[in-house]
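> Can you keep this structure in mind? I'll have questions shortly.
The values are calculated or read from the model by the stated rules, or taken from the named source; none is laboratory data. Given the structure is predicted, the values throughout are model-derived calculations rather than measurements. Reconstructed Cβ throughout: ideal geometry from the backbone, glycine too, with neighbour counts over all protein chains shown. These area figures cover heavy atoms from the full protein model, side chains too; ligands, DNA and RNA do not enter into them. Shrake-Rupley method; radii C 1.70, N 1.55, O 1.52, S 1.80 Å.
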Amino acid sequence: MATDARDPIPRFPAGFLWGVSTSAHQIEGAADRRGPSVWDVFTAGPGRVKDGSTAAVACDHYHRYPEDVALLAGLGVDAYRFSVSWPRVGSPGGLDFYDRLVDELCAAGVRPVPTLFHWDLPASLDWLERDTASRFADHVSVVAERLNDRVAKWITLNEPAEHTLLGHALGVHAPGRRLLFDALPVAHHQLLAHGLAVRALRAAGAADIGIANSHGPTWPASPDPADAEAADFYDTLLNRLFADPLLLGEYPAGLGELMPSADIAADLKVIAEPLDWYGVNYYAPTLVGAPLGTESEFGGVPIPAELPFSVREIPDRPRTDFGWPVVPEGLTELLCGFRERYGDRLPPVVITENGCSYEGLDDQDRIAYLDAHLRALHAALTAGVDVRGYFVWSLMDNFEWAEGYARRFGLVHVDHETLERVPKASYHWFRDVLRAQR
């Protein structure tokens, strides 16, 4: 029986971690106080961002962070997931900003949860180069040395799958390369960077480390064997390629030999450094079929005809303003499937992102979306998946990458002309949900 959105959300276990997420490039602004990233270079090119905007100012969180921390405190979250800008840390005084932010969060009773890489690679570096993984570990050591006395929970990378696919295989995100399968070294070097980062964090005394990987169920477009084969390939490329090495210490069959390494076994030992928890960013399943011989589309992203699969539209589902299908039960399916696939190799799970793009201050569609996904998450927990936390994407409307400011994922509305913050109906709803959970 359908559950009315006004019914109480089922109770989650004591100690369950409730939070919201953002990323540095999308909200901080103050581009003049950091070095350039690949996203600064990318957005300077004509036609790469749909509304022609950049993140030079974004939400001006760099200057307005006390106001934003007050919004976090008013919301009542346990934790705030933000990212640390590598180009800012590499600039004079750059770490001082994160010092101030972490102090402000701790004073407000909100746990800081930094993500150490969220796509804003320094413009001088390249994930096609193996040395970038070592450079990342150095960056992590610098950040951990400064913040580890107040930060208990760490995230190494955000969505290496999307950064590989969208930025290096299809060219619609920074750095704008269209390498197709020649982008596989980017996947390997990010995974290697993750493992080296885990080691660097452990050396600094960190004891609560995870990663934020994007995952979703892959559904074949039909029972036809060709569609099933295409769906299995897509699932391997977008899910297993980024989970198997971390959790099993091996690449899916046929992919390890394609990676740029003189000693893949040694690399995999680094990549599979034990995690304290596994972060999942969930938005929707993907319906996949055999190639159509023409370009298809996924979330507004063109899928070239030469790839061995096509992405189809999931029918009979409501859609967000981004055009993404709303499939909350896909979260239950995904988590239960992961438990079945990885067994005791799967550490406790934290949902590090889940959210939707809708316009308006009275955002009832967002409330319905979050309500349904929390119920789906609770169903996975009831089915035996060890789920320890949930973070909404996002605290505030922000620079949504190649979409510019056209998509609004925030619980808080941001006027991108005046930078005024106004909590939406969903902010007040989520605040009440958290109060009821305690």
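> Checking residue 176 against (1) open to solvent by 10 Å² or more (accessible area, probe 1.4 Å); (2) without any contact (Cβ under 8 Å) to a residue 40 or more places away in the chain; (3) over 27 Å from residue 102 (Cβ atoms): exactly one of these is not met. Which one?
(2)
> Among (1) open to solvent by less than 40 Å² (accessible area, probe 1.4 Å); (2) out of contact with any strand residue (DSSP E or B) (no Cβ under 9 Å at 6 or more places or on another chain); (3) touching a residue at least 40 places away in the same chain (Cβ under 8 Å); (4) not in a helix (DSSP H, G or I), which single condition is residue 241 missing?
(4)
> For residue 357, are the conditions met, namely being within 30 Å of residue 53 (Cα to Cα), without any contact (Cβ under 8 Å) to a residue 60 or more places away in the chain and among the polar types (S, T, N, Q)?
yes
> Confirm whether residue 436 is open to solvent by 10 Å² or more (accessible area, probe 1.4 Å), closer than 23 Å to residue 110 by Cβ and part of a helix (DSSP H, G or I).
So residue 436 passes the test.
> Could I ask something else about it? Output the residue which, of all residues in region 251-280 that are in contact with a Ser or Thr (Cβ under 9 Å, 6 or more places away or on another chain) and among the small types (Gly, Ala, Ser), is least open to solvent (accessible area, probe 1.4 Å).
279
> Condition first: free of Cβ contacts under 8 Å to residues at least 24 places away in the same chain and open to solvent by 20 Å² or more (accessible area, probe 1.4 Å). Can you find one or more residues in region 95-106 that meet it?
Yes: region 95-106 contains one or more residues that are free of Cβ contacts under 8 Å to residues at least 24 places away in the same chain and open to solvent by 20 Å² or more (accessible area, probe 1.4 Å).
> Among the residues of region 115-165, count how many are basic (Lys, Arg), assigned to a loop (DSSP other than H, G, I, E, B) and without any contact (Cβ under 8 Å) to a residue 40 or more places away in the chain.
Adding up the residues that qualify gives 0.
> Looking at region 307-321, is at least one residue part of a loop (DSSP other than H, G, I, E, B), touching a residue at least 24 places away in the same chain (Cβ under 8 Å), open to solvent by 70 Å² or more (accessible area, probe 1.4 Å) and more than 30 Å from residue 367 (Cα to Cα)?
Within region 307-321, none of the residues are part of a loop (DSSP other than H, G, I, E, B), touching a residue at least 24 places away in the same chain (Cβ under 8 Å), open to solvent by 70 Å² or more (accessible area, probe 1.4 Å) and more than 30 Å from residue 367 (Cα to Cα).
> Of everything in region 281-306 that's of a type in the set (S, T, N, Q) and open to solvent by less than 60 Å² (accessible area, probe 1.4 Å), which residue is farthest from residue 81 (Cα to Cα)?
Among them, the one singled out is 296.
> Can I ask one more? For region 200-217, name all the residues that are in contact with a helix residue (DSSP H, G or I) (Cβ under 7 Å, 6 or more places away or on another chain) and either farther than 18 Å from residue 160 by Cα or surrounded by fewer than 19 Cβ atoms within 10 Å (Cβ to Cβ) (or both).
200, 201, 204, 206
> I've got another one for you. Got a sec? Which of 226, 187 is of a type in the set (A, V, I, L, M), over 28 Å from residue 139 (Cα atoms), assigned to a helix (DSSP H, G or I) and touching a residue at least 12 places away in the same chain (Cβ under 8 Å)?
Criteria check complete, one pass: 226.
> Identify all residues within region 229-250 that are under 16 Å from the mean Cα position of the chain (by Cα) and of a type in the set (S, T, N, Q); write none if there are none.
239, the sole residue that qualifies.
> I'm trying to understand the selection: among the residues of region 244-284, which are part of a helix (DSSP H, G or I), out of contact with any Lys or Arg (no Cβ under 8 Å at 6 or more places or on another chain) and hydrophobic (A, V, I, L, M, F, W, C)?
246, 258, 264, 265, 266, 268, 271
> Which one is farthest from residue 410 (Cα to Cα) among residues in region 341-396 that are among the acidic types (Asp, Glu) and in a loop (DSSP other than H, G, I, E, B)?
386
> When you scan region 397-433, how many residues do you find that are part of a strand (DSSP E or B), touching a Lys or Arg at 6+ places or on another chain (Cβ under 9 Å) and open to solvent by 10 Å² or more (accessible area, probe 1.4 Å)?
The qualifying residues number 3.
> Moving to a separate point now. Among 40, 51, which is the only one that is farther than 23 Å from residue 154 by Cβ, surrounded by fewer than 22 Cβ atoms within 10 Å (Cβ to Cβ) and more than 20 Å from the chain's Cα centre (by Cα)?
Every option except 51 fails the conditions.
> For region 322-340, give me each residue that is in a loop (DSSP other than H, G, I, E, B) and among the β-branched types (Val, Ile, Thr).
Across region 322-340, the qualifying residues are 326, 327.
> Any residue in region 322-340 that's within 28 Å of residue 404 (Cα to Cα): show its pairings with residues that are of a type in the set (Gly, Ala, Ser) at Cβ separation under 6 Å, as long as the two are six or more apart or on different chains.
322/357; 324/284; 324/299; 325/284; 327/284; 328/372; 328/376; 331/376
> State all residues of region 80-93 that are surrounded by 21 or more Cβ atoms within 10 Å (Cβ to Cβ) and not hydroxyl-bearing (Ser, Thr, Tyr); if no residue qualifies, say none.
Hits for region 80-93 are 81, 82, 84, 86, 87, 88, 89.
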